[in-house]
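Structure first, commentary second.
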Amino acid sequence: MFIQHVSARLPGMSVNLLEQPERFNLTSFKALIYKKFIGIEHVPVAVPGEMETLLEQTVSAAVPLDSRERIKLVVHAHTCPVVGNYGALSMQRVLRRQRLHNALFVGMCANRCASIFDAMRLIRQSLQEQPDALALLVTGESAVTQELRLVENTAVMGDAAGAMLFGTRGQGNELLACCSHTYGQYARGVWLEGAPRASYETNYPAMMLQIIQQTLAEAGMTLDQVRWVIPHNVNRKSWIELARTIDLPLSRLMLANIPFTGHCFGSDMMLNLSHLTSTGALEKGDVYLMIAVGLGGSFGAALFRY
């Protein structure tokens, strides 16, 4: 299975964390701490109604006009269980306007920000059964509440949308392996307290290493063969600490977007991959590893060859 096209879009407004900390319920001092340790400076924020426009732009950019009838599956991988009004979802309107009439549309959110990897596995299975078809993976949602916008001492959530078009043939971006694992004892996520929270923080590096090793093993590869690790943009500090733990050179860790986007839910993967391709940082044959963690102890990763 190959990524045939990838696209990502940010909203028109970007809020400076230091200039408007009150917008995120932060003091000026706390905003400085977030900049220093998390690494974020600007947060993309969609105005009401803009997310639907971003979703449509990403779908339009990812799907050539002459390929639309071949798309048999569209998966919207999102973090929040509810991303619109019942019976009037933005993605349904987008698909109608984009004339993707032959596609089955489903949403996935069980593993939160790691749901994108569940979507990839579903798409892989679908394309094995319909090798001449195409499938579209879409991400995109807005942090519409303060609870969604800020994960205390961990991340600031940005708004963005992304799309990947998959097929069984391609010139690059071949999926080599895709894995996910959920540690159910941490299902309470941000509401973990006491010993369970301490356990999660202690075991986080080991759980991350396990999903990396599991994914690499599925492809018969080692970390030394990976040119780029493309993480979700939770915060710079945690990724640097993890890189040191697993002996990954920081030069192979894609962190360039964190100051400008924050953590845009599942769209981080599209934003970061688009950055690497547009800057020429990826060369033919490079192997790259996407990896993300969802609230509630969900870990996922996917390995590709460019």
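The values are calculated or read from the model by the stated rules, or taken from the named source; none is laboratory data. The structure displayed is predicted, hence computed values, not measured ones. Glycine gets a Cβ as well: all are built from the backbone with ideal geometry, and neighbour counts include every protein chain shown.
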**OP:** Please state which one of GLY172, GLY167 is surrounded by fewer than 16 Cβ atoms within 10 Å (Cβ to Cβ), in contact (Cβ under 8 Å) with a residue 60 or more places away in the chain and more than 30 Å from TYR34 (Cα to Cα).
**Re:** GLY172
Original post:
Is there a residue being out of contact with any strand residue (DSSP E or B) (no Cβ under 8 Å at 6 or more places or on another chain) and either in a helix (DSSP H, G or I) or modelled with pLDDT of 95 or more (or both) anywhere in region 67-84?
Top reply: yes
Subject >> Residues located in region 194-232, provided they are basic (Lys, Arg) and without any contact (Cβ under 8 Å) to a residue 40 or more places away in the chain >> reply: ARG197
Subject >> Selected residue (only one of ARG93, ARG99 is assigned by TED's automatic domain parsing to the domain that holds ALA155, part of a helix (DSSP H, G or I), at pLDDT 90 or above and farther than 26 Å from GLU147 by Cα) >> reply: ARG93
Subject >> Test: residue in region 201-213 that is surrounded by fewer than 21 Cβ atoms within 10 Å (Cβ to Cβ), farther than 21 Å from LEU150 by Cβ and of a type in the set (Asp, Glu) >> reply: no
**OP:** Go through ILE40, ILE3 for me and flag whichever is surrounded by 20 or more Cβ atoms within 10 Å (Cβ to Cβ) and part of a strand (DSSP E or B).
**Re:** ILE3
Original post:
If we scan region 126-144, do we find a residue that is at pLDDT below 95, farther than 30 Å from LYS284 by Cα, touching a helix residue (DSSP H, G or I) at 6+ places or on another chain (Cβ under 8 Å) and part of a helix (DSSP H, G or I)?
Top reply: no
**OP:** Report, ordered by the first and then the second residue, all pairs with beta carbons closer than 8 Å, sequence separation of six or more or different chains, a first member in region 286-306 that is at positive phi, and a second member that is surrounded by fewer than 22 Cβ atoms within 10 Å (Cβ to Cβ) and among the β-branched types (Val, Ile, Thr).
**Re:** GLY296/THR182; GLY297/THR182
Original post:
Residues of region 102-111 being assigned to a loop (DSSP other than H, G, I, E, B), small (Gly, Ala, Ser) and either at pLDDT 90 or above or not assigned by TED's automatic domain parsing to the domain that holds LEU54 (or both), which ones?
Top reply: ALA103
Original post:
Inside region 224-260, can you point out the residues that are surrounded by fewer than 16 Cβ atoms within 10 Å (Cβ to Cβ) and aliphatic (A, V, I, L, M)?
Top reply: ILE240, ILE246, LEU250, ALA256
